[in-house]
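Structure in structure tokens, see below.
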Amino acid sequence: MAPTRYGKAVNQALHDAMAADPTVILFGEDVGEAGGPFKATRGLQEAFGPERVRDTPISEAAIAGMAVGAALSGLKPVAEIMFMDFITLAMDQLVNQAAKARFMFGGRNSVPLTLRTPHGGGLNAGPQHSQCLEVWLAHIPGLKVVCPATPADAYGLLRAAIDDPDPVIVVENKALYAMKGDLDDPPAIVPIGKARTARPGTDVTVVCYGAALHIALAAAETLAGDGVDAEVIDLRSLQPWDEAAVLASLARTHRLVVLHEAVEAFGIGAEIAARMADVGFDELDAPIVRVGAPFMPVPYATALEKVYLPGAGDVVAAVRRTLA
Amino acid sequence: MAPRQSSNDRLLLLYEGMLTIRRAEERLQALFADGEVPGFIHLSIGQEAVPVGISANLGPADTVASNHRGHGHALAKGIDLDGFFAELMGRETGLCRGRGGSMHVADVSIGMLGANGIVGAGLPITLGSALAHRTRGNDAVAVAYFGDGALAEGVLHECLNIAALWRLPMLFACENNGWSEFSPTDRQMKAKLKDLAGAFSIPHHDVDGNDVEAVAAAARNCIAALRRGDGPRVLECHTTRVRGHYEGDRQDYRAPDELAGLAEVDPVARCSTRLLAAGVEKARLDAISQAVDGRIAQAVERARAAPEPEFGDALADVYTTAAGG
């Protein structure tokens with residue numbers, strides 16, 4: 001067990017996957033010589049050569065499309081879209097091609113591609129470099145979406161994504177790349193679709209994913225000081241999401257808060273709340289409360305962005321509403 | 001290695017390939033009119049020489065990706081005729097088990113990476129396939145079929161750049177029929193493909209796309225260059241769209257004399273004329289015609305007799321592993 005940065009865990013997962021399987025290739029903008037905008041791919045081109053680790057031009061549609069074509073032709077490509085905001089330019093290939101090329105061809109082939117992309121604010125990156133757009137992809141039948149919150153999951157979910165026969169979008173939070181956490185030796189692969197109880201508790205369930213996990217844990221500490229024992233569920237996977245784990249937790253706590261950094265309206269939290277209001281109706285002792293970003297673009301100025309981003313205080317307030 | 005064939009034998013094979021596409025699409029036209037084929041179909045009648053001439057130079061390891069007018073590309077690549085009709089007729093025995101239809105006929109196992117409902121979308125898929133061939137170190141090539149309407153799609157420009165930059169074994173096979181859906185391409189596109197190719201230093205070749213021997217010869221040169229590792233090629237095949245953008249399109253926007261003139265350049269008729277002039281007996285062409293019709297009739301009958309797909313099976317096929325990893 002060694003403390004490892006999130007970005008280094010991503011790097012190690014890519015390294016290990018490429019070492020284990022010669023059909024794994026990597027491409028994206030500046031992932032090779034430059035080592036990636038967040039240095040997640042540093043050293044991989046030296047290790048595996050320029051044929052397997054390729055710097056692409058700034059051509060997001062072609063990057064995503066190449067991943068589809070390579071996946072249909074015997075490789076396991078790992079593509080990178082430098083900021084999740086740029087995924088807008090790749091959406092045809094993800095939505096109309098990658099997601100459907102198994103189903104619409106009769107289930108006779110799969111599309112084993114992985115696409116990594118960082119989302120999230122907190123870096124004053126402004127409206128076009130900060131968005132959390134994962135719900136778009138989670139809405140598309142045929143795509144899988146994961147969002148690791150810790151270095152161990154950054155490793156484990158990425159390995160699982162590369163091994164998976166279906167297209168998997170791995171959403172990393174930019175603010176987490178420098179975060180340190182324990183990584184087993186050898187690190188574990190984390191199955192897609194399984195949530196993790198990050199903090200057990202009895203009074204309320206807080207469901208979250210990605211960087212919001214750390215906000216939820218901070219809120220849980222504050223609440224513990226007031227005698228409220230919150231259970232924190234880290235979804236890890238958004239599509240498919242672990243409905244059984246959330247329902248099981250709700251059945252213990254009878255109160256539910258759903259938290260994410262993405263805009264609250266029409267979000268992942270809306271889906272979870274709607275499902276739990278249905279299958280978990282008899283368990284609920286209070287309305288389900290969502291915590292997410294307000295319905296506005298991510299603002300630039302520190303004074304604006306710090307208000308924009310959901311914080312532990314928002315989670316504490318939401319939990320108190322469920323206890324009122 | 002195929003045994004040496006006389007030029008007439010080679011041309012007869014090309015003729016049979018074109019006739020198969022022609023008769024299959026004529027049959028689809030009738031099935032569509034009778035309601036046995038639903039949805040939208042886009043026929044490639046008049047364009048058969050392009051995929052047949054190109055496919056004459058392809059092997060099973062080579063890959064192609066296509067567009068919405070893709071029946072000919074798929075059939076020429078060797079997809080199963082029974083599976084083709086069953087797919088368009090919405091049967092479980094269809095190539096895609098009734099989930100894709102006309103715009104998505106595919107058989108990845110033989111390198112046919114799909115027709116496509118999105119204009120230009122097959123281009124980056126082909127690029128990725130060419131990248132895979134290169135990475136795997138074989139001499140396979142990847143062919144993107146696209147129309148002149150796709151010249152206006154941005155992703156074409158991305159793909160020309162990357163293919164040239166990385167010298168990938170990709171053939172950009174443009175079927176230039178002059179029409180971008182319902183509009184003449186010269187009113188939609190300022191640049192010519194030749195100039196676009198030139199901008200990326202990709203060799204560009206014009207060919208009479210209704211002359212199957214000319215297409216086959218031009219494609220042979222292009223594909224040989226790809227296999228040598230000389231980088232991508234653009235093959236612009238000037239051809240004719242006889243039917244509307246889709247079946248049911250009355251083509252009110254086309255001049256009557258343009259449509260009337262299409263018969264003179266019909267690639268199938270030109271090929272049969274050439275064969276007869278070269279001394280091939282008419283009886284031999286008739287026998288090919290009968291055989292093609294027989295195979296198509298059998299495919300349609302088999303499709304009619306085949307079961308319809310089950311919804312639950314389709315639902316279960318969205319993912320390979322439903323619960324993930």
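Bear in mind that the values in this text are calculations on the coordinates, not laboratory data. Since we're looking at a predicted model, the values are computed, not measured. Methodologically, a virtual Cβ is constructed for each residue, glycine included, from the backbone with ideal geometry; neighbour enumeration extends over all protein chains shown.
Given the conditions (1) surrounded by 17 or more Cβ atoms within 10 Å (Cβ to Cβ); (2) over 24 Å from the mean Cα position of the chain (by Cα); (3) closer than 18 Å to A:Ala17 by Cβ, and given that A:Ser73 satisfies all but one, which numbered condition is not satisfied?
Only one criterion in (1) surrounded by 17 or more Cβ atoms within 10 Å (Cβ to Cβ); (2) over 24 Å from the mean Cα position of the chain (by Cα); (3) closer than 18 Å to A:Ala17 by Cβ is unmet by A:Ser73, namely (3).
Further question on the same structure: If you go through the range B:169-187 one residue at a time, how many are without any contact (Cβ under 8 Å) to a residue 40 or more places away in the chain and touching a helix residue (DSSP H, G or I) at 6+ places or on another chain (Cβ under 6 Å)?
Counting residues in the range B:169-187 that are without any contact (Cβ under 8 Å) to a residue 40 or more places away in the chain and touching a helix residue (DSSP H, G or I) at 6+ places or on another chain (Cβ under 6 Å) gives 2.
Residues in the range A:116-129: is at least one in contact with a strand residue (DSSP E or B) (Cβ under 8 Å, 6 or more places away or on another chain) and either within 11 Å of another protein chain (Cβ to nearest Cβ) or among the aromatic types (Phe, Trp, Tyr) (or both)? Spell out the reasoning first.
From the range A:116-129, those in contact with a strand residue (DSSP E or B) (Cβ under 8 Å, 6 or more places away or on another chain) are A:116-121; that's our starting set.
Those still in the list that are either within 11 Å of another protein chain (Cβ to nearest Cβ) or among the aromatic types (Phe, Trp, Tyr) (or both) too: none.
No, the range A:116-129 contains no residue that is in contact with a strand residue (DSSP E or B) (Cβ under 8 Å, 6 or more places away or on another chain) and either within 11 Å of another protein chain (Cβ to nearest Cβ) or among the aromatic types (Phe, Trp, Tyr) (or both).
Can I ask one more? From the list A:Arg108, A:Arg102, A:Arg116, pick out the single residue that is farther than 27 Å from B:Asn138 by Cβ and of a type in the set (D, E, K, R).
Answer to the check: A:Arg116.
Consider B:Glu308 against the criteria (1) under 30 Å from A:Ala101 (Cβ atoms); (2) not in a loop (DSSP other than H, G, I, E, B): it satisfies all of them except one. Which criterion is unmet?
(2)
Another one. Quick test for you: out of A:His214, A:His254, pick the one residue that is on the phi < 0 side of the Ramachandran plot and of a type outside the set (Gly, Ala, Ser).
A:His214
To continue, here is another question. Quick one: B:His42 ticks every box in (1) part of a helix (DSSP H, G or I); (2) touching a Phe, Trp or Tyr at 6+ places or on another chain (Cβ under 7 Å) bar one, so which box is it?
That leaves (1) as the condition not met.
Tell me which residues, restricted to the range A:40-72, are in contact (Cβ under 8 Å) with a residue 40 or more places away in the chain and more than 25 Å from A:Ala99 (Cα to Cα).
A:Ala40
Kindly state which helices (runs of 4 or more DSSP H) lie completely within the range B:140-245 and contain at least 2 residues that are closer than 20 Å to B:Ser129 by Cα.
Where helices (runs of 4 or more DSSP H) fall fully within the range B:140-245 and carry at least 2 residues being closer than 20 Å to B:Ser129 by Cα, they are B:154-165, B:212-228.
For the range A:262-278, how many residues are surrounded by fewer than 14 Cβ atoms within 10 Å (Cβ to Cβ) and over 26 Å from A:Pro299 (Cα atoms)?
3
Would you call B:Asp266 surrounded by 15 or more Cβ atoms within 10 Å (Cβ to Cβ), within 30 Å of B:Leu13 (Cβ to Cβ) and either of a type in the set (Asp, Glu) or within 14 Å of another protein chain (Cβ to nearest Cβ) (or both)?
It is true that B:Asp266 is surrounded by 15 or more Cβ atoms within 10 Å (Cβ to Cβ), within 30 Å of B:Leu13 (Cβ to Cβ) and either of a type in the set (Asp, Glu) or within 14 Å of another protein chain (Cβ to nearest Cβ) (or both).
Specify which of the listed residues (A:Pro165, A:Pro191) is within 14 Å of another protein chain (Cβ to nearest Cβ), under 16 Å from A:Asp153 (Cβ atoms), free of Cβ contacts under 8 Å to residues at least 60 places away in the same chain and of a type outside the set (Phe, Trp, Tyr).
Going through A:Pro165, A:Pro191 in turn, just one is within 14 Å of another protein chain (Cβ to nearest Cβ), under 16 Å from A:Asp153 (Cβ atoms), free of Cβ contacts under 8 Å to residues at least 60 places away in the same chain and of a type outside the set (Phe, Trp, Tyr): A:Pro191.
So that you can scan it fast, the table gives a plain yes or no per residue for (1) among the hydroxyl-bearing types (Ser, Thr, Tyr); (2) crowded, with 24+ Cβ neighbours inside 10 Å; (3) touching a residue at least 60 places away in the same chain (Cβ under 8 Å); (4) in a loop (DSSP other than H, G, I, E, B):
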{"position": "B:Gly72", "(1), (2), (3), (4)": "no, yes, no, no"}
{"position": "B:Leu75", "(1), (2), (3), (4)": "no, yes, no, no"}
{"position": "B:Ile79", "(1), (2), (3), (4)": "no, no, no, yes"}
{"position": "B:Asp82", "(1), (2), (3), (4)": "no, no, yes, no"}
{"position": "B:Arg99", "(1), (2), (3), (4)": "no, no, yes, yes"}
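Please find, within the range A:221-237, the residue that is farthest from A:Lys180 (Cα to Cα) out of those that are buried (at least 24 other Cβ atoms within 10 Å of the Cβ) and in contact (Cβ under 8 Å) with a residue 60 or more places away in the chain.
The extreme case among them is A:Ala230.
Test of understanding: among A:Val257, A:Val291, A:Val307, A:Val246, which residue is in contact with a Pro (Cβ under 7 Å, 6 or more places away or on another chain) and either assigned to a helix (DSSP H, G or I) or buried (at least 22 other Cβ atoms within 10 Å of the Cβ) (or both)? Give the derivation first.
Working: A:Val257 fails: in contact with a Pro (Cβ under 7 Å, 6 or more places away or on another chain); A:Val307 fails: in contact with a Pro (Cβ under 7 Å, 6 or more places away or on another chain); A:Val246 fails: in contact with a Pro (Cβ under 7 Å, 6 or more places away or on another chain).
Only one candidate passes the filter, namely A:Val291.
Pick from the range B:115-139 the residues that are surrounded by fewer than 24 Cβ atoms within 10 Å (Cβ to Cβ) and touching a residue at least 60 places away in the same chain (Cβ under 8 Å): which of them is farthest from the other protein chains (Cβ to nearest Cβ)?
Result: B:Asp139.
Residues that are closer than 26 Å to A:Ile215 by Cβ: find the strands (runs of 3 or more DSSP E) completely inside the range A:50-160 holding 3 or more of those.
Counting at least 3 such residues, we get A:114-119, A:144-146.
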